[in-house]
Amino acid sequence: MVAVIGGGVSSFRKFRKPHEIESGFLTLFDGSTLTGWRGDPKVWKVRDGAIVGRLDANRMPDASNWRKEFLQLEGEIVEDFEFRLQVFLDIPEFDSGNLGVCYRTSNDLPSISYDLDFEPIWKYNCGLREIGGRDMLARPTQIVHYHGSSKDEPSDLKGHLVDEKRLKEIYRQGEWNDLWIRAVGSRLTHVLNGVTIVDFTDADEKWRRLAGGVSLKILLYYGPWVEARFRHLRIQKL
């Protein structure tokens, strides 16, 4: 069962020191509490000024070791926006798990949403998936104009943003990484450490969403545990 962490106040509020915020951006996290967020309090905590999610295999209800948990921003439906944050993925093994940001979610929990996965497997890192729908929409480095999945309306790969070999250099293993997500109309872009990784236009009128909620995600698959940290979360409505 999902519990509500904190109160039901709007999550868009003035940023609190000691950190400054860019002009036009509003904070989504005050650095000390999970007020305005909704998730399992056994999974999600605040530590050292960051939101921390942790999953352990020995606490799983079955032996599959696959588990996904979300921390939902309460009471906010966002249309066009730019979302910036820093993330840190702590894993004991290369394929232990990942963290993510879900946006334009369809309801209280992201049963259908766009999804940025942050993980050490470079060929997937910061690509664009759709949870509960079309799965992989754009791999890292790709510029994609998505018309649909039928043979009559194929998706167009327009080109590449950076050389795939550079992805390993852009990703800062064992350090904080800067993520930016920009959603304007049907165009979605993912930026990792100042480098645009995905440029995607969703022209599929059946599936695309132009507004929705925001969630943080943690996923454990093969490893004994995974820990995801998020800090300096801020958003600008465009």
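We did not get these values from a lab; they are worked out from the coordinates using the rules stated. This is a predicted model, so every value here is computed, not measured. A quick note on method: Cβ atoms are made from the backbone with ideal geometry, for glycine too, and the neighbour counts reach across all protein chains shown.
Protection proxy ranking, highest mean first, for peptides 197-204, 159-166: 197-204, 159-166, where packing is the per-residue count of other beta-carbon atoms within 10 Å, averaged.
Each residue of the stretch 23-237 gets 127 Å³ once the volume of the Cα convex hull is shared out per residue. Proximity of backbone amide H atoms, modeled 1.01 Å from N, is registered between I197 and H190, V191, L192 at under 5 Å, excluding neighbours fewer than 5 places apart on the same chain.
Two numbers describe the Cα atoms of the stretch 114-238: Rg and Dmax, which are 14.9, 45 Å. Relative contact order of the stretch 23-237, taken over Cα pairs closer than 8 Å and 6 or more residues apart, is 35 percent. The listed peptides 117-126, 170-179, ordered by packing as a protection proxy, come out as 117-126, 170-179 (highest mean of other Cβ atoms within 10 Å first).
Most tightly packed first, judged by the mean number of other beta-carbon atoms within 10 Å of their residues, the peptides 83-90, 131-138 read 83-90, 131-138.
Under the combined filter of DSSP loop state and at most 15 neighbouring Cβ atoms within 10 Å, the stretch 198-238 retains these trypsin sites (Lys or Arg not before Pro): K206. Each residue of the stretch 69-81 was assigned a 3J(HN,Hα) from its phi angle through the Karplus curve 6.51 cos²θ - 1.76 cosθ + 1.60 (θ = phi - 60°); the sequence is 10, 10, 10, 9, 6, 7, x, 10, 10, 10, 9, 8, 7 Hz, with glycine and proline shown as x.
With a Förster radius of 25 Å, plug the Cβ-Cβ distance of Q86 and D40 into 1/(1 + (r/R0)^6) and report the FRET value to the nearest 0.05. Calculated value: 0.65.
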